[in-house]
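Below: the structure, in C-alpha cells.
Readers should treat all values here as calculations from the given coordinates under stated rules, not as data from a laboratory. The model shown is predicted, which means the values in this text are computed figures rather than measured ones. Positions of Cβ are backbone-derived with ideal geometry, glycine not excepted, and every protein chain shown enters the neighbour counts.
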Amino acid sequence: MTPAFGQLLSDKTGLVTRLDVESGGHTFEVETVSNFDVVDHEFNKNEKRLTLFVNSGIENNLGEVIVPQTLLSGNFAFFLNDEPYNPKIKSNDKISFITLNFTGIGNNKIDIIGTETLQGVEENSYPTPIDDTKNGGGCLIATATYGTELAPQVQHLREIRDQKLMQTDSGKYFINSFNHVYYSFSPLISDYERENSFFKESVRILITPLLSSLMILNYASMDNDVETIGVGIGIITLNVGMYFVAPAILITRLKK
C-alpha cells in the first residue's frame, strides 16, 4: 500500500498496525506505522470520522496513517486531543497518506474527518462478519481497561481465541456470532472508560471473574467440535453461576 509519492518510515517508526474498519457492510484496512501504540480505533459513518486512540512511551511521536479513499475522502480535518491539528497529507485515487508528528507521553486521541465516505462502494444492508482474528485484533473493552493491547490480560484473551476457539468450526462460528453482538456496544463502553476512571475501575472489577474463569481453557482439551462445545457450555454455566445465581442467593438470604 505504499504510495508512489512517499516511502514508509518503517525503519524509523517501527510498529506496524493494520486496523479492520467496519462500515456499510464492508471491511476497510487502515494501516499505521508509528513509534507509538495504536491501542484502539472507532469509525463514525455519520460524522465521517476515524478516531485513533494511541499510547506513547516517548515525548516525540512520529507516525504514518494510510486511509483508503473508499473509506474516507474529500477535504480532511484533523484533531489531536480535540484540538485542531495540521499533519501533512497527500492523496491519490486510492489512498490518503497522512504523516503525524506530535509531542506528548501517554494517551492521545487523533480524529481524522473527511467530507465523503463509502465512495464507489455499494452499502450492504447486512454487515459482513467481523473477523477480529485478522492481524491479531484484540478486545476493545479489555484494552481500554488495562491500557494497552500488550497487557497480559488482553494477550491471554487473544491466545484463547487464536489457539483454542479458532481451531474448530464450532469455535469459529461462536467467535463470528459473538463479534456481531460485541462490536455493537463495546466501542461505546471502551470510549467511556477513557473518559471516566471510576467507570474504568468498575469494569475492571466486573470482568475479573470472567477472565479468571477463562484460565480453565489453558488446561482443557478442545481438539474437536464436541470438546469445544462441552467446554464452552461449562464456562458459560460457571459464569452464570458467578454473576447471577450466587448474587441472587446472597440477596435472598439477606432479605430473610
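The figures follow:
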read-out: Among THR17, PHE199, LEU62 - extreme Cα towards positive end, dipole of the chain, charges at beta-carbon; value: PHE199
read-out: Values of log10 I(q)/I(0), in the order q = 0.11, 0.13, 0.20, 0.24 Å⁻¹, for segment 10-117 under a Debye, Cα-only, solvent-free model; value: -0.30, -0.42, -1.05, -1.53
read-out: Compactness relative to 2.2 N^0.38 Å, alpha carbon Rg of segment 134-255; value: 1.15
read-out: For the chain, built as a Gaussian network whose Cα springs stay under 10 Å, the top-fluctuating residue of SER56, SER96, SER202; value: SER202
read-out: Student exercise, segment 10-117 dipole from Lys, Arg, Asp, Glu Cβ charges, in Debye to nearest 20; value: 260 debye
read-out: Segment VAL16-ASN224, extension gain: residue separation times 0.36 nm, minus the distance between their alpha carbons; value: 71.5 nm
read-out: More than 32 Å apart - percent of Cα-Cα pairs taken over the chain; value: 30 percent
read-out: Rule-of-thumb Rg ratio for segment 41-81 [Cα; 2.2 N^0.38 Å; N residues]; value: 1.34
read-out: Gain in span if fully extended, THR103 to ASP82, counting 0.36 nm per residue against the direct Cα distance; value: 6.1 nm
read-out: Difference of contour (0.36 nm per residue) and Cα-Cα distance, TYR192 to ILE233; value: 11.6 nm
read-out: Label zone at LEU150 (point 7 Å along Cα-to-Cβ), backbone N below 18 Å, segment 49-87; value: 53-64
read-out: Calculated [θ] (222 nm, deg cm²/dmol) that DSSP helices of n ≥ 4 give over the chain, each run adding -39,500 (n - 2.57); value: -11500 deg cm²/dmol
